[in-house]
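The values are calculated or read from the model by the stated rules, or taken from the named source; none is laboratory data. Just so it is clear, the structure is predicted and the values come from calculations on it, not from any experiment. Please note: Cβ atoms are built from the backbone with ideal geometry, for glycine as well, and neighbour counts cover all protein chains shown. Side chains included, ligands, DNA and RNA excluded: accessible areas come from the protein's heavy atoms. Shrake-Rupley method; radii C 1.70, N 1.55, O 1.52, S 1.80 Å.
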Amino acid sequence: MSEINLAPLDKILRPFVPLGRSGLLPALHAAQKQYGWLSEEIAAGVAAALGVPLADVHGVIEFYSLFYSAPVGRRMIRVCADPACALKGADDLLAHLCTHHGIQPNETTPDGSATIERSPCLGLCEQAPAILFDDQAETNVDLKTGHYELGRPRSPVYGPLRLLTRNCGNGTTFLAGYGAYAALQKALKMPPAEVIAEIKASGLVGRGGAAFPTGVKWQGAADAPGEEKYVVCNADESEPGTFKDRILLLDDPHSTIEGMRIAAHAIGATKGYIYLRGEYPYILPVLESALNEARQAGYLGGASGFDIEVRLGAGAYICGEETALFESIEGKRGFPRVKPPFPTTHGLFGKPTVINNVETLANVPLILSMGAAEYRKIGTEKSPGPKLFCVSGDVKKPGLYELPFGVTLGELMEMAGGIIADAGTDLETDKRMQAVLFGGAAGAFATPEQLDVKLTFEDLRAAGLPLGSGVVMVFDESRDLRDALARLGKFFAHESCGKCYPCQMGTQRQMEILERLVNGNWLPGDAERLQDVGWTMTDASLCGLGQTAAAAVLSAMKQFPALFDGGR
Amino acid sequence: MGIQLEIDGQPVTVEPGTTLLEAAKQAGITVPTICWHEATTSYALCRICVVEVAGMRLLQPGCIVEAADGMRVQTRSERVVRARKTILEMLASSVDLSDSPDILALMDEYGALPERFPEAERREVELMDDNPMYLRDYSKCVLCWRCVQVCAEDAQYTFALSFSGRGYETEIATFFDRPMPATTCVFCGQCVGVCPTGALKPKREFMLEQGMGPEEIAVMSSGRKRKRT
Ligand SMILES: Cc1cc2nc3c(=O)[nH]c(=O)nc-3n(C[C@H](O)[C@H](O)[C@H](O)COP(=O)(O)O)c2cc1C
Ligand code: SF4
Ligand code: FES
């Protein structure tokens, strides 16, 4: 069966050999790029080159959606079918493409020219419906007019503030445009403890979802014993509805890199990683060239004592969970670890590690430049600073909104042109708002009665709405929220890692019940089953994925009980 | 210096480093387990051992969480029972538990209904008969990971087993599903020894169960995947 020419494999794998097991994902990416897929012989070659057990190599290929152990088409067409794209006709688009190629979703054409996949959220939600066409973004696809945009996605940036987004919206800002790393120069003149004190004083908390105080995290890693420490940038952005990190990295890579460099100084790290989600391949060259610019300017590498490597994920939402991300960099299946111990003492390769979200890191140079006191004048007392919101769905101006904390949901909706005050105007296009999904798939629904809620950590918490990764997905009155819930159910079942029982089986059972809900085969007792599965996942799962996999469903059951009475 | 805590209202003193599972046992209270095994590293997979600890938002897996001074633990609160019962019901709707008497006994104890989840997709896999020593029936596998663990760093360092798929589709697998003799397996039998569900079974035992005589057993040889009947 071996028509595959294995001769080039040695050469392809050579750069990854010194990395050992940690080189597994990059090696598999490189091999797949050459051969299109990963056959048994190729996998065995990778195993031998890196000294990884055969079964483990297979286990890793099997875990990640973007690795293929069977042949696929020469073109990969991944159509997003998650809620934001679904609102803009993703199902029709997928059906149209499948008809055109004469195949079903997740099949390859007989001539091997193309594979079409139904994909989880691609992080292009504000330009829906979206496709990942090989390594390019295809956005704003309109079947009626035939319009679409292919290549680098646009970066629609709005809102009253332009601090985090000051360099966004006009293509990539190279080092010449970004300017010298002034915040870094300032930080390097300060003792590490003082930098940490400044970050603490700013009140910055993580923007990746967990809202953990960044200064406290840095302190933990700085205090942890050990010479070898790491700074990791979490650019796995896979929460449905989230696209902020895509825009930050594509348009302004240097603010994140400078933030990482400052973190390295603060904790005494010599090595950093940016873990970029596999569905953002078009960001990879931008990051590589920005890192090279920073090296040439002396900010990274050589005498600076700190360098950064980019690692590309391979299709696994769970790898955004910090410990699963470490496992992935280490060349393993992305299984989250039991905590404690925490990353600050036992992180990447078991060493003290600071892991921060892209947006968190982008705040760091801003804080150092402005000074914590000035920075705190933005936002509210308890939620200082600027915040990015990812607005998608039924609004006139979907996009990235930079706001000071404290703006109300209603004000944000006004900016986005999303709610119509009085009915009876142009009902063809102007519909009333029904609900807002807050925080992403792991989020909760807000109703129009909650438009006055202030967008701050404390106000949202009081309203039972998670800020999460800043997702604000709007559904107008014509939408059936059950459809969105069924898609979220499918998302979580697809993305559960399978490690702990509540999530492994709960996401599957939840998906099955939600499918009955949308298909109109709701069975007696399904509401109780949904509650029991949901609460069991919430209460007993090992990591944040399972603990929030039922959040949107349980929130909808509370806010919109009529949706679950069995009728359609 | 002992650690003092309270379990189900009862004061208990244990050595530092004692898990809540162990501490409960010392107090004469049984907390159920499925994935836990004394010979393998605990990864807290099954979560059947969860308990409620005052002041903690989520239920805590007793098999790995250590006792701390002043902890107040409930091993049978309403939340705990709901989680255990639901996990058991989901298991029964996913895999064949007919060879897992301990889990079946737990289902009785918690009033878990085997038919709680109708129209559920079950994990059904062909019976694998590919070597002279043991059979693999992953329709009975509860994914406790023990076999993978003893095959790797917990004992044998053979690394014949890992996983295929992910999430609900996860399955114990060899490299590209090769038959056992074509893997690094040395037939030490440790995986069979730690399997709690009959998913891994000595061939001899299987054949006796099927009512075969010793001669038939001797004749039966290895080879292919055999379709389940
Ligand atoms: C299932 C899951 C997915 C996650 N995905 C991301 C992600 O894509 N990006 C991110 O920054 N954090 C993500 N997180 C949160 C991280 O675990 C971690 O808290 C975060 O990277 C810390 O950075 P921060 O303190 O700067 O927010 C995820 C968490 C879970 C449980
Ligand atoms: S085969 Fe057995 S020992 Fe291995 S994981 Fe499954 S149930 Fe556990
Ligand atoms: S026995 Fe504790 S999680 Fe399985």
Picking from B:VAL150, B:VAL192, B:VAL186, the residue that is among the β-branched types (Val, Ile, Thr), assigned to a loop (DSSP other than H, G, I, E, B) and away from ligand 1 (no atom under 16 Å from the Cβ) would be B:VAL186
Quick check: is even one residue across the range A:299-313 open to solvent by 10 Å² or more (accessible area, probe 1.4 Å) and within 16 Å of ligand 3 (Cβ to nearest atom)? no
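To keep it simple, each residue is scored yes or no on (1) away from ligand 2 (no atom under 12 Å from the Cβ); (2) crowded, with 17+ Cβ neighbours inside 10 Å; (3) among the acidic types (Asp, Glu); (4) more than 9 Å from chain A (Cβ to nearest Cβ).
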position	(1), (2), (3), (4)
B:GLU109	yes, no, yes, yes
B:PHE117	yes, yes, no, no
B:VAL142	no, yes, no, no
B:PHE159	yes, yes, no, no
B:ILE172	no, yes, no, yes
B:ARG178	yes, yes, no, no
B:VAL186	yes, no, no, yes
B:LYS201	no, yes, no, yes
B:PHE206	yes, yes, no, yes
Number of the condition not met by B:ILE3 [criteria: (1) more than 15 Å from ligand 3 (Cβ to nearest atom); (2) buried (at least 22 other Cβ atoms within 10 Å of the Cβ); (3) among the aliphatic types (A, V, I, L, M)]: (2)
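Please go through the range A:332-351 and give me each residue that is more than 17 Å from B:GLY167 (Cα to Cα) and small (Gly, Ala, Ser), ordered by number.
The answer is A:GLY347, A:GLY350.
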From the list B:VAL186, B:VAL192, which one is more than 16 Å from B:VAL125 (Cβ to Cβ) and either within 16 Å of ligand 3 (Cβ to nearest atom) or touching a strand residue (DSSP E or B) at 6+ places or on another chain (Cβ under 7 Å) (or both)? B:VAL192
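Is one or more of the residues making up the range A:224-231 open to solvent by less than 30 Å² (accessible area, probe 1.4 Å) and over 24 Å from A:GLN296 (Cα atoms)?
Let us first name the residues in the range A:224-231 that are open to solvent by less than 30 Å² (accessible area, probe 1.4 Å), namely A:224, A:229-231.
In the following step, the residues that additionally are over 24 Å from A:GLN296 (Cα atoms) were identified as A:224.
Within the range A:224-231, one or more residues are open to solvent by less than 30 Å² (accessible area, probe 1.4 Å) and over 24 Å from A:GLN296 (Cα atoms).
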Does A:ALA44 meet the test of being in contact with a helix residue (DSSP H, G or I) (Cβ under 7 Å, 6 or more places away or on another chain), within 25 Å of A:GLU495 (Cα to Cα), outside the structural domain of A:GLY331 (by TED's automatic domain parsing) and among the hydrophobic types (A, V, I, L, M, F, W, C)? no
Do we have B:ARG123 as more than 15 Å from the chain's Cα centre (by Cα), of a type outside the set (Val, Ile, Thr) and within 8 Å of chain A (Cβ to nearest Cβ) here? no
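Looking at B:THR197, B:THR170, can you tell me which residue is among the hydroxyl-bearing types (Ser, Thr, Tyr) and in contact with a Cys (Cβ under 7 Å, 6 or more places away or on another chain)?
Details: B:THR170 fails: in contact with a Cys (Cβ under 7 Å, 6 or more places away or on another chain).
None of the others qualify; the one that does is B:THR197.
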Checking the structure you have, find out if any residue of the range B:27-49 is within 16 Å of ligand 2 (Cβ to nearest atom), in contact with a Lys or Arg (Cβ under 6 Å, 6 or more places away or on another chain) and not hydrophobic (A, V, I, L, M, F, W, C). yes
Being touching a residue at least 24 places away in the same chain (Cβ under 8 Å), outside the structural domain of B:VAL150 (by TED's automatic domain parsing) and not in a loop (DSSP other than H, G, I, E, B) is the requirement here; does B:ILE103 meet it? yes
Criterion first (touching a Ser or Thr at 6+ places or on another chain (Cβ under 9 Å), at pLDDT 95 or above and among the polar types (S, T, N, Q)) does A:GLN547 satisfy it? yes
Residues that are in contact with a strand residue (DSSP E or B) (Cβ under 7 Å, 6 or more places away or on another chain) and either open to solvent by less than 10 Å² (accessible area, probe 1.4 Å) or more than 9 Å from chain A (Cβ to nearest Cβ) (or both): does the range B:144-156 have at least one? yes
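Residues are listed down the side, and each one gets a yes or a no for (1) within 19 Å of the chain's Cα centre (by Cα); (2) in contact (Cβ under 8 Å) with a residue 24 or more places away in the chain:
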{"residue": "A:LYS229", "(1), (2)": "no, yes"}
{"residue": "A:ALA235", "(1), (2)": "yes, yes"}
{"residue": "A:LYS244", "(1), (2)": "yes, yes"}
{"residue": "A:SER255", "(1), (2)": "yes, yes"}
{"residue": "A:ALA264", "(1), (2)": "no, yes"}
{"residue": "A:TYR273", "(1), (2)": "yes, yes"}
{"residue": "A:TYR280", "(1), (2)": "yes, yes"}
{"residue": "A:PRO285", "(1), (2)": "yes, no"}
Scan the strands (runs of 3 or more DSSP E) fully inside the range B:1-83 and keep the ones with 1 or more residues being touching a residue at least 60 places away in the same chain (Cβ under 8 Å). B:3-7, B:72-74
Answer with yes or no whether A:ALA264 is open to solvent by 40 Å² or more (accessible area, probe 1.4 Å), in the same structural domain as A:GLU194 (by TED's automatic domain parsing) and either closer than 21 Å to A:LYS186 by Cβ or hydrophobic (A, V, I, L, M, F, W, C) (or both). no
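Look at A:LYS490 and say whether it is open to solvent by 10 Å² or more (accessible area, probe 1.4 Å), within 16 Å of ligand 2 (Cβ to nearest atom) and within 14 Å of chain B (Cβ to nearest Cβ). It would help to see each step written out before you state the result.
Values: open to solvent by 10 Å² or more (accessible area, probe 1.4 Å): yes; within 16 Å of ligand 2 (Cβ to nearest atom): no; within 14 Å of chain B (Cβ to nearest Cβ): yes.
In short, no.
I need a count of the residues in the range B:38-55 that are surrounded by 13 or more Cβ atoms within 10 Å (Cβ to Cβ) and either more than 9 Å from chain A (Cβ to nearest Cβ) or over 26 Å from B:GLN190 (Cα atoms) (or both). Walk me through it before giving the result.
Within the range B:38-55, the first condition is being surrounded by 13 or more Cβ atoms within 10 Å (Cβ to Cβ), and the residues that meet it are B:40, B:42-53.
The next check asks that each one be either more than 9 Å from chain A (Cβ to nearest Cβ) or over 26 Å from B:GLN190 (Cα atoms) (or both); those that pass are B:40, B:49-53.
Selection size over the range B:38-55: 6.
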